[in-house]
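Visitor: Have a look at this one before I ask anything.
The values are calculated or read from the model by the stated rules, or taken from the named source; none is laboratory data. These figures come from a predicted structure and were not determined experimentally. Counting neighbours? That spans all protein chains shown, and the Cβs are built from the backbone with ideal geometry, glycine included. Side chains are part of the model used for accessible areas, which takes the heavy atoms of the whole protein and leaves out ligands, DNA and RNA. Shrake-Rupley method; radii C 1.70, N 1.55, O 1.52, S 1.80 Å.
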Amino acid sequence: MMQSDAGYFPKQSSPCLCLNIRRASRAVSAFYEKMLEPSGLKIAQYSLLRHLEQTEPVTITRLAHIMRIDRTTLNRNMKPLLSAGLIAVHAGEDPRSRQVELTAAGKSALNSALALWNQAQASLQEYLGETETAQFNRLVAKLEALVP
């Protein structure tokens, strides 16, 4: 699906590392969005459902912490999933907290999207190659550590 000539990258990088990271993030996100398109899920929605699958039931605050996003972003990302009936929110053990969990429809949507996500993941790993994938993962972890 993706082709790369060794050492040839058609886009000029910026001297600003932040700009380069943002550009790369947009490109990778667009690639995953295109791959997930048949599922009807966006990559942020897929990620939210995937995290939820691994942690449910979980409070919204805890899920935001696990995903390393703020509650406002999480709530915004949850709205279309709630409307589509893919997730449910209800009062937690503490009445002041709300818990979120996958519905049967959410589990089904996630299972359908998984094969597409796996294809995207394999394509990107093939595009980068084993060595660059490992380097990328180390660099991303190091960059994420900038903010504890």
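Visitor: For a quick check of your reading of the model, give me the residue pairs whose first member lies in the range 18-34 and is at negative phi, whose second is among the β-branched types (Val, Ile, Thr), with beta-carbon atoms closer than 6 Å and at least 6 apart or on different chains.
Guide: Note: pairs meeting the criteria are 29/43; 32/43; 33/43.
Visitor: Also, quick follow-up: Counting just the residues of the range 103-136 that are free of Cβ contacts under 8 Å to residues at least 24 places away in the same chain and open to solvent by 90 Å² or more (accessible area, probe 1.4 Å), which one comes out farthest from residue 20 (Cα to Cα)?
Guide: The residue in question is 111.
Visitor: State whether one or more residues within the range 62-71 are in contact (Cβ under 8 Å) with a residue 60 or more places away in the chain and over 22 Å from residue 115 (Cβ atoms).
Guide: yes
Visitor: Would you mind finding the one in 44, 105, 30, 24 that is part of a helix (DSSP H, G or I) and touching a helix residue (DSSP H, G or I) at 6+ places or on another chain (Cβ under 7 Å)?
Guide: Of the residues listed, the single one that is part of a helix (DSSP H, G or I) and touching a helix residue (DSSP H, G or I) at 6+ places or on another chain (Cβ under 7 Å) is 44.
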